[in-house]
1. Could I have the simple spin-label model distance between N165 and S27, label points 7 Å from Cα toward Cβ, reported in nm to one decimal?
2. Working out 0.36 nm times the residue gap between R56 and L39, then minus their Cα-Cα distance, what length gain in nm do you get to one decimal?
3. Tell me which residues come under 5 Å, amide H to amide H, from I60 once H is placed; ignore anything under 5 positions away on its chain.
4. Grab the Cα-Cα distance for N49 and N76, subtract it from 0.36 nm times how many residues apart they are, and report the gain in nm with one decimal.
5. Go through the stretch 104-111 residue by residue and turn each phi into a ³J(HN,Hα) via Karplus (6.51, -1.76, 1.60, θ = phi - 60°); whole Hz please, and just put x for glycine and proline.
6. Quick one: Debye curve from the C-alpha atoms of the stretch 11-88, no solvent, what's log10 I(q)/I(0) at q = 0.15, 0.25, 0.26 Å⁻¹?
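Where a number appears in this text, it was derived from the coordinates with a stated rule and is not lab data. Just so it is clear, the structure is predicted and the values come from calculations on it, not from any experiment. A quick note on method: Cβ atoms are made from the backbone with ideal geometry, for glycine too, and the neighbour counts reach across all protein chains shown.
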Amino acid sequence: KRVYHFVFNGLTEIEQTQALEMQTPISQRPIPWTFVGHLSHQRLDFIDNLTTNLSRDGYIYLVHFTPVTETGPHLNQSQFHRVLTRTQYKIWCSHHPFFYVESIRFRMALMSGSVPIKVNLKTQHSEKEIFPFTYLIFEEADFYKEIQALDFVSTRERFASDFYNLPTLE
């Protein structure tokens, strides 16, 4: 029995055009990876490994688990989008031990021209095949090997193509 149902958040026709314009060259994306999320011990451990095993040149923005408000401390949508337009890989993970995939994370990445990577920390999900973009969902144990094997340009092209082939909001 499935206890989780993924709901895809597609694009409008105008957003599809805007997303195509964000497919900027890798030379315009000096940030190799970005991690934005709530602060937790598990995430701190992951970030430590990320900076040690992948690159120290990433962008990290962690805040205490607080409600999102207009005045912060969270990045607002415009600020986050600006960071992602200069980022290659947008990396995130759940702040709790349960598996889930947020459609908006993929949408935000596409709209900024970055590649989304979901990492499952300390959890494994046996029903990954029910989700689109399974090639962008990694278990923590495989993450560093998997991301280093990716070619940013071809992965972004595949991701964009797959996204555009899913239902739109029109």
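1. Simple spin-label model gives 3.1 nm for this pair.
2. Extra length from R56 to L39 when fully extended: 4.3 nm.
3. F35
4. Details: separation 27, 0.36 × 27 = 9.72 nm, distance 2.67 nm.
That works out to 7.0 nm of additional length.
5. 4, 5, 5, 4, 4, 5, 4, 5
6. Each listed q corresponds, in turn, to -0.68, -1.16, -1.18.
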